[in-house]
Amino acid sequence: MQSAFEWQQFFGAFFVLFAIIDIPGSLPIIIALRHKGKTVKPLKTASLAFCMFLMFYFLGEMFLSLFGVDTASFAVAGSLIIFVMACEMILDISIFKDTPDSPKDSSFFPVVFPLIAGAGALTTMLAIRSQFSPVNLISAIIANMVCVYVIISLAPKIDKILGAGMLYMIKKFFGIILLTISIKLFTSNITLLIEKVISSHN
């Protein structure tokens, strides 16, 4: 694997991660959190997400194996959280209840995890790690975090421009997309787990 920076590798890794992170699709959730009185800080969100990606790049498999968890199990768990969040968006219900001690800052949960640096994005990064040199993949992660920072920073302006009615429609649409992603993530990884269990008993 070449270690020199290559634009082709950089853009390849960037678009794969951009598609799975899907920060534009997370905007309705971020705006909805703001309407509930929560804060989502752009710089903090991008920095925490970058730290999670970097940690999983170098230590992800070792960290999961420390608890006896493989990437497929981690992905299934993350898909269930995404499924619940999608149900909240589509059905207009609140499953994640606020308690008196709930933090007002929602930068980490649910924005960084599971929306930005969730199970899907982290397992995808681990899967493509062998296809790209470290400098190109890490550069692609940094570029995606810049996109995260910019889009979250623009969230208040986008909220004002679109208005409540349009945001409600977008929220429902992306709720369905999020539901689809969660089901795909669940089915693809639960199949791996079932095959692993069957093979271990043969």
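The values are calculated or read from the model by the stated rules, or taken from the named source; none is laboratory data. This structure is a prediction, so every number in the text was calculated from the model and none was measured. Cβ sites come from the backbone with ideal geometry, for glycine too, and all protein chains shown count toward neighbours.
Evaluate region 69-87: report whether one residue or more is at pLDDT below 90, surrounded by 12 or more Cβ atoms within 10 Å (Cβ to Cβ) and over 30 Å from residue 195 (Cα atoms). The answer is no; no qualifying residue exists. On inspection, residue 110 passes the criterion of being within 15 Å of residue 29 (Cβ to Cβ) and either outside any helix (DSSP H, G or I) or touching a residue at least 24 places away in the same chain (Cβ under 8 Å) (or both). Can you tell me which residue within region 15-64, out of those that are surrounded by fewer than 18 Cβ atoms within 10 Å (Cβ to Cβ) and polar (S, T, N, Q), is farthest from residue 120 (Cα to Cα)? The residue in question is 39. The condition (being assigned to a helix (DSSP H, G or I), touching a helix residue (DSSP H, G or I) at 6+ places or on another chain (Cβ under 6 Å) and in contact (Cβ under 8 Å) with a residue 12 or more places away in the chain) is satisfied by just one residue among 152, 158: 152.
Can you find even one residue in region 21-29 that is modelled with pLDDT under 90 and over 16 Å from residue 149 (Cα atoms)? No.
Checking each residue in region 1-35 for being of a type outside the set (A, V, I, L, M, F, W, C), within 18 Å of residue 143 (Cβ to Cβ) and not in a helix (DSSP H, G or I) picks out 6, 22. Of the residues in region 36-58, at least one is within 25 Å of residue 164 (Cα to Cα) and assigned to a helix (DSSP H, G or I). Checking each residue in region 126-146 for being in contact with a helix residue (DSSP H, G or I) (Cβ under 6 Å, 6 or more places away or on another chain), in a helix (DSSP H, G or I) and at pLDDT 85 or above picks out 136, 137, 139, 140, 141, 143, 144, 145. With the structure loaded, tell me whether residue 109 is among the aromatic types (Phe, Trp, Tyr) and either farther than 22 Å from residue 35 by Cα or crowded, with 21+ Cβ neighbours inside 10 Å (or both) or whether it fails that test. Here the answer is no, as residue 109 does not meet what is asked.
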